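One structure is given below, encoded as structure tokens.
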Amino acid sequence: MAAWTLRFDGACLFGFLKSWRPLARSTATPAERAPARREVSMRRAEAMRGLFPKLSAWMARQAYLAEMNAVDRYLTQSTDLVDLERRLREVERSGGASNWVG
């Protein structure tokens with residue numbers, strides 16, 4: 001049976017670090033860099049405006065699913081049909097899952 005071994009000679013994984021040099025600093029003045037920064041700022045703002053509605057919708061869905069799971073657990077604890085109907089009426093009278101406390 002053949003045995004495999006892994007050899008590391010240092011040139012494969014970290015060889016690129018030997019040739020790495022920091023980037024040179026830009027010689028542009030702050031006034032020359034302002035339009036580029038403004039453009040980046042506008043792109044970030046657009047991305048954030050797109051993110052918050054999606055995040056809000058996701059959180060609302062998660063809250064709704066958590067409430068439904070709580071109601072479902074409460075209803076599954078019923079012992080017979082009469083108890084189930086009583087629990088259903090209780091949940092309906094309380095205004096649904098959003099106002100229900102179990």
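Scanning segment 53-79 for residues that are surrounded by 10 or more Cβ atoms within 10 Å (Cβ to Cβ) and of a type in the set (Val, Ile, Thr) gives a single hit, Val71.
Do we have any residue at all in segment 3-15 that's of a type in the set (D, E, K, R), at pLDDT 55 or above and either touching a Pro at 6+ places or on another chain (Cβ under 7 Å) or open to solvent by 80 Å² or more (accessible area, probe 1.4 Å) (or both)? No, that holds for no residue. Pairs meeting the criteria (first residue in segment 64-77 and more than 11 Å from Leu88 (Cα to Cα), second residue in a helix (DSSP H, G or I) and open to solvent by less than 90 Å² (accessible area, probe 1.4 Å), beta carbons under 7 Å, at least 6 apart or on different chains) are Glu67/Ala97; Glu67/Ser98; Met68/Ala97.
The values are calculated or read from the model by the stated rules, or taken from the named source; none is laboratory data. Remember, predicted model here, so these are calculated numbers, not experimental data. Positions of Cβ are backbone-derived with ideal geometry, glycine not excepted, and every protein chain shown enters the neighbour counts. Just the protein is used for accessible areas: all its heavy atoms, side chains included, with ligands, DNA and RNA removed. Shrake-Rupley method; radii C 1.70, N 1.55, O 1.52, S 1.80 Å.
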